[in-house]
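Structure record follows, encoded as structure tokens.
The values are calculated or read from the model by the stated rules, or taken from the named source; none is laboratory data. Bear in mind the structure is a predicted one, so any value in this text is a computation, not a measurement. Surface areas here come from the heavy atoms of the whole protein model, side chains and all, with no ligands, DNA or RNA. Shrake-Rupley method; radii C 1.70, N 1.55, O 1.52, S 1.80 Å.
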Amino acid sequence: MTLPQKLRWSWLLAALLALGVHSTLASSVAPASEREIAPAMHIMEGFLPPGWAIFWFAAAIPFWWLGYRRLSQLLSQKPETRLLLGVVGAFAFVLSALKIPSVTGSSSHPTGTGLGAILFGPLVMSLIGTVVLLFQALLLAHGGLTTLGANAFSMAIAGPLVAAGIWQGLRGKLATGVVVFLAAALADWATYVVTSLQLALAYPDPSGGIWASFLKFGAVFAVTQIPLAISEGVLTVIIFKAIQNYGQTELRALGAEA
């Protein structure tokens, strides 16, 4: 990677991290009641019964292990992609930290995981997304440590799997921008669908059971999450095109060039 290329990557990474710091500070000065209100897209600390919290941790562990192995292999074989990994992590951190009030005392936010899934695959993104969630739980009180497994499964595992599937399935059949948009937007929607299912399993409706509870949680999220997912798709296309402009070397290394 040439010096001008390194500088361009550094500027993009610095800009994303600066926005992330701003989001962190803005969240830290907000009242505690506004920082974490359930049901949020990140399930709050202590909100899941212990059995379900353990279950989602167990379900996530295989993906974390495979993600660690894949990331180690990637860094060993293609060290030139390190700055791009930083950009992907910063992008996910910034977008998923931007909480927006929803209805009935909930909050919604973009996820930012579609970009990483497209570039590095769902296994690597499962690990990066989990690290993002861990830092948010520690720094922003957004999510939690006991619910880290559940939040990781919805945002860092399910969403990236959907994004990667769309990218691999539609790439070359539709315009690249359209495929990137669909991958990012549907990864966002998949995250909120899985979160709704997790909450429904933990708290089934007394009269209608799991299905009725799932519909209620899903309806709460849909009001804000649908337009947010569309916005995230557009933003991801813009960032992807920026990467295409001066990151062809990295894209070729990853096999993600248009």
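Details
- For the range 118-258: rounded, prolate or oblate by the Cα gyration tensor [a/c cutoff 1.5]: prolate
- Sorted largest first by accessible area at a 1.4 angstrom probe radius, with every protein chain in place, the residues PHE181, PHE240 fall in the order PHE181, PHE240.
- Karplus (6.51, -1.76, 1.60) ³J(HN,Hα), θ = phi - 60°, over the range 81-97, in Hz, Gly and Pro reported as x: 8, 4, 5, 5, 4, x, 4, 4, x, 5, 4, 5, 5, 5, 5, 6, 8
- Placed amide H near SER108: partners under 5 Å, 5+ positions off or other chain: ILE100, SER102
- Note, ³J(HN,Hα) from phi for the range 156-165, Karplus 6.51, -1.76, 1.60, rounded to Hz, x at Gly and Pro: 9, 10, 5, x, x, 4, 5, 4, 5, x
- The range 167-225 shape via C-alpha gyration tensor axes, a/c threshold 1.5: prolate
- Overall, the anisotropy analysis places the range 40-158 in the oblate class: the square-rooted eigenvalues a ≥ b ≥ c of its C-alpha gyration tensor yield a/c not less than 1.5, with a/b not exceeding b/c.
- Accessible carbon and sulfur surface of the range 184-251 relative to its total accessible area, %, 1.4 Å: 76 percent
- In percent, rounded to a whole number, the relative contact order of the range 173-238 is 47, using alpha-carbon pairs under 8 Å and six or more apart.
- Under 5 Å, built H, 5+ apart or other chain: amide partners of GLY46: THR146, THR147
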